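Undergrad: Here's a structure for you.
What follows draws every value from the coordinates through simple rules; no lab data is involved. Just so we're clear, the structure is a prediction, and the values are computed from it rather than from any experiment. Heads up, the Cβs are rebuilt from the backbone with ideal geometry, glycines too, and the neighbour counts pull from every protein chain shown.
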Amino acid sequence: MSLKMLYVTAPIAAEANIRKLAGEASVISCIKSADLEDDHALFQLLTRSEDRQQLVDTLHTLLKTSAKARINIIPVDATLPAVDSSNTGDTREELYQKMGQGVQMDFTYFLLTCLSTIVAIIGLLQDNVAVVVGAMVIAPFLGPNLAFAFATSQGDRPLMVRSFLAGVLGLSLAILISTAVGYYWTGETNSSELMSRTAVGLSGVALAAASGVAGVLSLTTGLSMTLVGVMVAVALLPPAATVGFMLGSGELYLAFGAFILLAVNIVSVNLSGLVVFLAKGIKPRHWFERKMAKPYVYGGILFWGLCLVILIGVIGW
């Protein structure tokens with residue numbers, strides 16, 4: 001979304017500085033809408049995406065001495081007269097909010113994992129593409145992977161740990177459920193939907209990489225509806241369910257093939273995410289934070305890149 005309103009609670013004494021910053025950032029409009037208690041006031045700044053991040057960072061630095069200062073970012077669907085703003089994008093703070101929601105290890109997360117795994121197993125065994133696609137959309141696994149890539153780009157170790165745990169616990173639960181189903185299953189196991197998840201080619205690597213790029217772009221530009229397509233294209237649940245089902249059925253070779261597909265998708269999403277975050281210049285606010293984040297960023301790209309090379313070698317072999 002290109003236009004957003006900044007609702008800034010700031011000391012009245014900072015009004016001149018706020019108006020100066022608004023002018024330097026080419027803010028569309030800047031008004032003082034209300035006087036508040038304790039010599040504070042509410043300012044409304046209508047901003048374009050290309051100026052918003054720098055303005056938010058500067059305002060944060062300006063207002064950090066006030067305990068009651070606050071900056072709220074509100075989407076604006078339209079404004080009259082119309083304003084020309086071709087760029088779209090979210091600020092670092094908005095991305096943090098989105099990523100934090102994607103790694104909530106609560107009852108809903110694990111319930112969605114259980115339900116999506118059951119739906120996926122039914123779709124795979126019945127060779128029903130529509131059911132499998134439904135399971136892909138329900139599954140909450142894309143969020144932790146994108147959050148891990150974002151946390152790595154920011155050098156945010158607590159978020160890295162949370163997203164890693166959310167991804168590992170979610171996938172482990174899915175594999176555990178599908179392993180139990182595979183162990184007790186006595187019917188046919190040769191459906192095309194199931195068998196197609198036991199092998200991966202170089203085209204699958206390209207698909208996963210492109211989908212990972214699309215996922216990060218959809219988040220950073222605010223086009224969240226695109227994520228539905230990404231969930232389908234780079235789905236982690238069907239191969240995870242196939243890994244568990246084949247393990248439970250005693251088909252270790254097929255389980256290994258499904259594991260390679262799962263690993264390719266995970267590696268591609270994280271590598272693509274890091275590269276896109278780096279290319280779009282989404283960095284920590286302060287210079288020392290950016291300096292501390294560099295080893296995570298380049299180390300992460302090197303690590304995921306080596307993992308992808310190894311996986312391509314395994315696929316070729």
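Undergrad: Would you mind checking the tilt of helix 157-184 against the longest principal axis of the Cα atoms of the chain, expressed as 0 to 90 degrees and rounded to 10?
TA: 30 degrees
Undergrad: For the residue pair ASP84 and TYR298, what label-to-label distance in nm results when each label sits 7 Å from Cα along the Cα-to-beta-carbon direction?
TA: The answer from the label model is 4.0 nm.
Undergrad: So what are the ³J(HN,Hα) numbers for segment 273-284, from phi and the Karplus equation (6.51, -1.76, 1.60; θ = phi - 60°), rounded to whole Hz, Gly and Pro as x?
TA: 3J(HN,Hα) across segment 273-284, in whole Hz: x, 4, 5, 5, 4, 5, 5, 7, x, 7, 10, x.
Undergrad: Another one. Using only Cα atoms, find the angle between the long axis of helix 129-138 and the longest principal axis of the chain, and express it within 0 to 90 degrees, rounded to the nearest 10.
TA: With both axes taken from Cα atoms, the answer is about 40 degrees.
Undergrad: Also: Under 1.5 on a/c is rounded, so check that first for segment 43-117, then, if it is not, pick prolate when a/b is larger than b/c and oblate when it is not; a ≥ b ≥ c are the square roots of the alpha carbon gyration tensor eigenvalues.
TA: Here segment 43-117 falls in the oblate category.
Undergrad: A further question on this structure: Arranged by the count of other C-beta atoms within 10 angstrom, fewest first, what order do VAL269, VAL137, VAL129, VAL119 take?
TA: Numbers: VAL269 28, VAL137 15, VAL129 11, VAL119 22.
Exposure proxy ranking, most exposed first: VAL129, VAL137, VAL119, VAL269.
Undergrad: What spacing in nm lies between the two simple spin-label points modelled at LEU111 and VAL129, each 7 Å away from Cα in the Cβ direction?
TA: About 3.2 nm, to one decimal.
Undergrad: Right, next: What chymotrypsin sites (Phe, Trp or Tyr not before Pro) does segment 142-207 have in DSSP loop regions with at most 16 other beta carbons within 10 Å?
TA: Here the sparse-neighbourhood loop sites are TRP185.
Undergrad: Ok, one more. So how strong a dipole does the chain carry about its Cα centre when Lys and Arg Cβ are +1 and Asp and Glu Cβ are -1, to the nearest 20 debye?
TA: The calculation lands at about 760 debye.
Undergrad: Another question, then. Output the 0 to 90 degree angle, nearest 10, between the alpha-carbon long axis of helix 142-154 and the longest principal axis computed from the alpha carbons of the chain.
TA: Long axis of 142-154 versus the principal axis of the chain: about 50 degrees.
Undergrad: Oh, and also: Which one of ALA25, ALA240, ALA16 has the biggest mean-square fluctuation once the chain is modelled by GNM with Cα springs under 10 Å?
TA: With Cα springs under 10 Å in the chain, the top fluctuation among ALA25, ALA240, ALA16 is at ALA16.
Undergrad: Return the whole-Å distance between the Cα centroid of segment 235-268 and the Cα centroid of segment 152-177.
TA: Going from one Cα centre to the other spans 18 Å.
Undergrad: Taking neighbour counts of Cβ atoms within 10 Å as a proxy for exposure, in what order, fewest first, do CYS30, CYS307, CYS114 appear?
TA: Values: CYS30 20, CYS307 17, CYS114 14.
By the 10 Å Cβ count, ascending: CYS114, CYS307, CYS30.
Undergrad: Let me ask another. Dipole magnitude of segment 3-75 about its Cα centre, charges +1 at Lys/Arg Cβ and -1 at Asp/Glu Cβ only, in debye to the nearest 20?
TA: 180 debye
Undergrad: Let a ≥ b ≥ c be the square roots of the eigenvalues of the Cα gyration tensor of segment 68-180; is it rounded (a/c under 1.5), or, if not, prolate (a/b larger than b/c) or oblate?
TA: oblate
Undergrad: So, one more: Using a Gaussian network model of the chain with C-alpha springs under 10 Å, which one of LEU21, LEU165, LEU124 is most mobile by mean-square fluctuation?
TA: LEU21
Undergrad: What is the ratio of the Cα radius of gyration of segment 3-75 to 2.2 N^0.38 Å, where N is its residue count, to two decimals?
TA: Computed over Cα atoms of segment 3-75, the ratio equals 0.98.
Undergrad: Follow-up question, since we're still on this one. Would you work out which of PRO284, LEU111, ALA69 lies farthest towards the positive end of the dipole of the chain? Charges go on Cβ: Lys and Arg +1, Asp and Glu -1.
TA: PRO284
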